[in-house]
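See structure below.
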Amino acid sequence: MSIKYVHSFEESFNAEKIRDLGSVNFKELGLSDDLIDSISYMGFEKATPIQEQAIPKILDGKDLIACAQTGTGKTAAFILPIINKLAAKETKGISTVVICPTRELAIQIDQQINGFTYFTSISSIAIYGGGDGDSWDEQKKALTSGVDIVVATPGKFIAHLNMGYMDLTTIEHVILDEADRMLDIGFHDDILRIFSYFPKDRQTLMFSATMPRKIRDLAQEILKEPDEISIAISKPAEGVMQLIYLCYDPLKTKMIKRLIDGKDSLKTIIIFSSTKREVSQIVRDLRNKNYLVEGISSDLDQSEREAVLIRFRSKQCRVLVATDVMSRGIDIKDINLVINYNVPNDAEDYVHRIGRTARADTTGIAVTLVNEEEMYKFLRIERLIEKEILKSPIPADIGESPKWNPSASQKKSGGNFRGKGKGPRRKLR
Ligand code: AMP
């Protein structure tokens with residue numbers, strides 16, 4: 001295989017042509033004029049490919065199984081046609097349930113619904129765990145007084161179901177979002193239990209970033225003759241400019257500083273690392289150099305995580321350091337640069353990590369720092385995304401770079417992808 005090398009960050013930035021995703025106007029997809037006004041009010045000009053394909057099918061009443069990753073505009077793809085239908089008629093009771101894996105995602109979906117329904121009487125509520133007694137009462141009130149759309153995590157939805165006060169006979173549309181992730185978390189039985197309460201005569205939509213066997217099996221159980229849409233399975237959004245730096249571990253923090261120092265146009269930066277310990281270490285290192293940096297990992301409770309995300313969104317902090325747990329579902333607009341401090345063990349996580357940049361039709365940069373033992377792991381990612389990524393040595397004044405040699409790295413790590421590259425001893429000072 002030929003190796004594409006570039007020699008500087010700036011050079012790499014210009015090395016690839018970045019393509020726009022959307023080309024079709026929402027008007028062409030059969031949505032009402034009022035909704036199209038709300039869509040442009042939200043700043044969406046063109047439909048993304050998943051929206052272009054899914055919206056007409058959903059308007060048609062078809063069940064759907066869609067393979068689309070976060071960042072492709074999948075939320076609007078399922079919620080716009082549903083809102084279009086609800087706006088056209090009198091609704092009685094809960095008409096639509098969206099089931100998703102996490103509280104963060106539930107909040108984001110609900111926020112998009114609020115944006116699109118701002119000028120309508122359609123109501124929605126997000127239901128998720130971790131709230132206080134007040135929020136339970138509020139949720140109960142909404143669920144019993146005929147909210148139109150419920151966005152819920154499975155556990156919390158079941159908790160309300162168990163209380164017996166929800167009327168689900170009015171449900172017409174059910175959406176499972178990030179279905180693969182829900183199964184990974186272990187929600188399979190909960191999902192089937194929830195579906196056992198829904199009317200048989202309904203429209204069901206299932207969205208998943210990947211389509212493993214278990215997802216197809218679940219689809220067979222809950223969907224009826226679904227149409228199928230697949231958008232670039234396991235491939236990053238087109239607008240992401242990807243690059244790897246070949247870098248020994250002890251030099252990675254120095255390299256990060258080089259990437260972000262003096263680049264004022266990079267206003268929002270996320271650094272992903274595999275472990276909580278590394279997150280704390282990177283945050284400490286960068287804070288010592290006076291960067292506005294915050295860390296986010298499962299060490300923080302929900303309210304602390306949300307507070308960090310608010311500070312990041314409002315640009316009070318420029319760099320967010322996060323573990324993989326956070327790599328899915330964070331919806332922050334305009335992330336300019338994603339840095340992978342290490343190569344994720346799971347190739348899908350790579351796609352999710354870099355999916356934080358170039359959301360929808362914007363562009364962004366994703367840089368991965370690859371040590372001598374992570375090269376084979378990265379080669380597997382290249383195979384998965386069917387793309388060879390540009391490779392660069394680190395600048396010589398920072399230090400020596402390992403040579404790109406994935407097969408040697410496979411032997412070194414013994415096929416065990418948890419190996420840590422330590423670099424030459426003299427670099428450890
Ligand atoms: P999603 O894939 O649903 O997580 O969406 C990713 C982000 O893209 C969200 O912040 C949306 O608000 C935004 N988005 C979705 N569709 C479009 C569109 N057609 N034009 C511009 N932005 C969009």
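Values in this text are rule-based calculations from the coordinates and carry no lab data. Because the structure is a prediction, the values reported are computed rather than measured. As a convention, Cβ positions derive from the backbone with ideal geometry for all residues, glycine included, and neighbour counts pool all protein chains shown.
Contact order, relative form, for the stretch 26-231: 29 percent (alpha carbon pairs under 8 Å, 6 or more residues apart, mean separation divided by residue count). By the count of other C-beta atoms within 10 Å, a proxy for reagent exposure, Phe78, Phe195, Phe187, Phe378 are ordered fewest to most as Phe195, Phe187, Phe378, Phe78.
When only the Cβ of Lys, Arg, Asp and Glu is charged (+1, +1, -1, -1), the dipole of the stretch 26-231 relative to its Cα centre reaches about 280 debye. Considering only alpha-carbon pairs that sit under 8 angstrom and 6 or more positions apart, the relative contact order computed for the stretch 53-134 is 27 percent.
Pairs over the 20 Å Cα-Cα cut-off, from the set Lys276/Lys391; Lys252/Lys377; Lys289/Lys377; Lys252/Lys403: Lys276/Lys391; Lys289/Lys377.
Using the Cβ of Leu31 as centre and a radius below 11 Å, the other residues enclosed give a net charge of -2, where K and R count +1 and D and E count -1.
Computed over neighbours whose Cβ is under 15 Å from that of Phe119, the net charge equals -4, Lys and Arg +1, Asp and Glu -1. Site pair Arg311 and Asp137 shows an inter-label distance of 3.3 nm when each label is modelled 7 Å from Cα along Cα→Cβ.
Given +1 at the Cβ of Lys and Arg, -1 at the Cβ of Asp and Glu and no other charges, the dipole of the stretch 204-275 around its Cα centre is 480 debye to the nearest 20.
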